[in-house]
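Remarks on the structure that follows.
The values are calculated or read from the model by the stated rules, or taken from the named source; none is laboratory data. All values reported here derive from a predicted model rather than from experimental measurement. Because the Cβ atoms are built from the backbone with ideal geometry, glycine has one as well, and the counts that use them run over all protein chains shown. Keep in mind that these areas ignore ligands, DNA and RNA; they rest on the heavy atoms of the full protein, side chains included. Shrake-Rupley method; radii C 1.70, N 1.55, O 1.52, S 1.80 Å.
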Amino acid sequence: MLFGSAAAAAAAPAPRDVLQQALREVRGSDAAAALSQATARDLWINGRDADAPPYGRNVFAFSAQAADALQRAAGGTTAIALILAADRDLAEEVIAQAHGGTAASLATARSALSAGDRQAHTGNPAAAVDLYAKAWQLAYGALARLVASKVTTVPSAPLAAAAEQALAGTRFGMSGPKIEQSLPPLTAGGKPEVFYAGSEACPFCGVQRWGMIVALSQFGTFSNLHLMQSILATPPQVTTFTFFGSSYRSPYVSFVPVEVWSNVPAHPGLVPLQSLTDPESKLLHRFDPSVETPFIDVANRFVIDSSTVDPHLITHKSWTQLAGALTDPNNISTQAIAGEAEVFTAELCIATGGNPQSVCASTVVQQYEAALPTLTGRGGSCPAPPPPGGPPPARDPATSRTSRPGPVAVAARCQG
């Protein structure tokens, strides 16, 4: 295969368009159903990028089914070539995005890509697709580690400068927490507990995770963060992380995240991911009876059931674009992430009694501590999805923290 310049690659047909072209070639065949599933909108971030693992791997699984069906039928040569080209491009795109990531992982991904080419050239298209899927998944792992390394090590100077602009700027309208004064402390392991309940599908959770990760990384260390994107049925579309499968260690705070719903549509609603314990469920329903996410409780001192900023401020940007801009304090997405990070840092510093001083003694953190009661903007939240086969839970409009647009649009946006 010959590959042209980056400009030529950008002008090439998008992989999803190529798979749809293959579908048009095989209408009425056994392969058509698999290709219809491979090109389903909710499996794609855009025409060039499938959803992050594990959900996006279904593109390859359905492609392999289609290729195998076409080969067994001894036909569809053109469609098979299109499937192979699309899936190879998908893998190669993520390898390119992960440039600068873990060299060993990227080398293994390229090796899998080459092995897939050999299988394609010897007439084994399903095996080739499986190897392209392996290359894609390995590259996504390298991309996740690359992006996480940037988000968890943001230099303090540009972070502070961006946060100061966010605090001064009227366009951000940051939402502050409900400040509690008389509740018993929420603790775990002898440390103030930060409890988070969210949904991988929710764009408001999506924007909030960026700031939370930046802030919590000043107090401890994350491991095994994975990339994720909010559900794509309607905008805003947010590339983000998931806390599912991650871990966090800190001498100052305990972080307890629960991703209650995945970003996989269940029609209606979403596929459940993690269950709340009974105490967690009681905590959520006490402060957030309409069950909206993100829900965050910082040691029973600060509670919020919305995002700090509007997800439109970071929408339609890739993980590398958002992470790469975190050293640019004049970037709007950086200012949004820095603002929510410093809101969260200020809460954590109050909960920990000002520890660590290297973080909590900074001028910008003290500015945000003083500003917490004045943050009266509206971020937004996603209502709980309806259980499969049942009606959505009742919601009281008077207590909803849902931002513009209204609850019906947000429900459609967050639930698919």
>> Out of 78, 39, I need the residue that is in contact with a Leu (Cβ under 7 Å, 6 or more places away or on another chain) and of a type in the set (Ser, Thr, Tyr). Which one?
In response: 39
> Between a first residue in the stretch 72-83 that is under 8 Å from residue 22 (Cα atoms) and a second residue that is among the charged types (D, E, K, R), which pairs have beta carbons less than 8 Å apart while being 6 or more apart in sequence or on different chains?
Replying inline: 78/25; 79/25; 82/25
> Within the stretch 257-273, can one find any residue that is more than 24 Å from residue 57 (Cα to Cα), open to solvent by 10 Å² or more (accessible area, probe 1.4 Å) and touching a Leu at 6+ places or on another chain (Cβ under 9 Å)?
Replying inline: no
>> Can you pull out every residue in the stretch 273-319 that is outside any helix (DSSP H, G or I), more than 24 Å from residue 373 (Cα to Cα) and either modelled with pLDDT of 95 or more or not charged (D, E, K, R) (or both)?
In response: 273, 274, 275, 276, 277, 314, 315, 316, 318
> With respect to residue 179, is the statement that it is open to solvent by 20 Å² or more (accessible area, probe 1.4 Å) and hydrophobic (A, V, I, L, M, F, W, C) true?
Replying inline: yes
> What are the pairs, 6+ residues apart or on separate chains, where a residue within the stretch 261-283 that is touching a residue at least 12 places away in the same chain (Cβ under 8 Å) has its Cβ under 6 Å from a residue that is open to solvent by 40 Å² or more (accessible area, probe 1.4 Å) and in a helix (DSSP H, G or I)?
Replying inline: 265/42
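Yes or no, residue by residue, for (1) over 16 Å from residue 172 (Cα atoms); (2) open to solvent by less than 10 Å² (accessible area, probe 1.4 Å); (3) in contact with a Pro (Cβ under 8 Å, 6 or more places away or on another chain):
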{"site": "325", "(1), (2), (3)": "yes, no, no"}
{"site": "330", "(1), (2), (3)": "no, no, no"}
{"site": "334", "(1), (2), (3)": "no, yes, yes"}
{"site": "344", "(1), (2), (3)": "no, yes, no"}
{"site": "349", "(1), (2), (3)": "yes, yes, no"}
{"site": "352", "(1), (2), (3)": "yes, no, yes"}
{"site": "355", "(1), (2), (3)": "yes, no, no"}
{"site": "361", "(1), (2), (3)": "yes, no, no"}
{"site": "365", "(1), (2), (3)": "yes, yes, no"}
>> For the stretch 19-71: of the residues being free of Cβ contacts under 8 Å to residues at least 24 places away in the same chain and open to solvent by 80 Å² or more (accessible area, probe 1.4 Å), which is nearest to the chain's Cα centre (by Cα)?
In response: 54
>> Restricting to the stretch 367-376, count the residues that are small (Gly, Ala, Ser) and open to solvent by less than 20 Å² (accessible area, probe 1.4 Å).
In response: 1
>> Step by step: first the residues of the stretch 228-253, then only those that are assigned to a loop (DSSP other than H, G, I, E, B), touching an Asp or Glu at 6+ places or on another chain (Cβ under 8 Å) and without any contact (Cβ under 8 Å) to a residue 60 or more places away in the chain, then the one that is least open to solvent (accessible area, probe 1.4 Å). Which residue is that?
In response: 243
>> Scan the stretch 206-227 and tell me whether some residue there is open to solvent by 30 Å² or more (accessible area, probe 1.4 Å), of a type outside the set (Lys, Arg), without any contact (Cβ under 8 Å) to a residue 24 or more places away in the chain and closer than 21 Å to residue 341 by Cβ.
In response: yes
> Of the residues that make up the stretch 25-46, is at least one in contact with a Phe, Trp or Tyr (Cβ under 8 Å, 6 or more places away or on another chain) and within 19 Å of residue 316 (Cβ to Cβ)?
Replying inline: yes
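Each row is one residue, and each column tells you yes or no for (1) of a type in the set (A, V, I, L, M); (2) open to solvent by 20 Å² or more (accessible area, probe 1.4 Å); (3) without any contact (Cβ under 8 Å) to a residue 24 or more places away in the chain.
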residue: 126; (1), (2), (3): yes, yes, no
residue: 136; (1), (2), (3): no, no, no
residue: 166; (1), (2), (3): yes, no, no
residue: 172; (1), (2), (3): no, no, no
residue: 191; (1), (2), (3): no, yes, no
> Could you say which residue among 31, 52 is in a helix (DSSP H, G or I), touching a helix residue (DSSP H, G or I) at 6+ places or on another chain (Cβ under 9 Å) and among the aliphatic types (A, V, I, L, M)?
Replying inline: 31
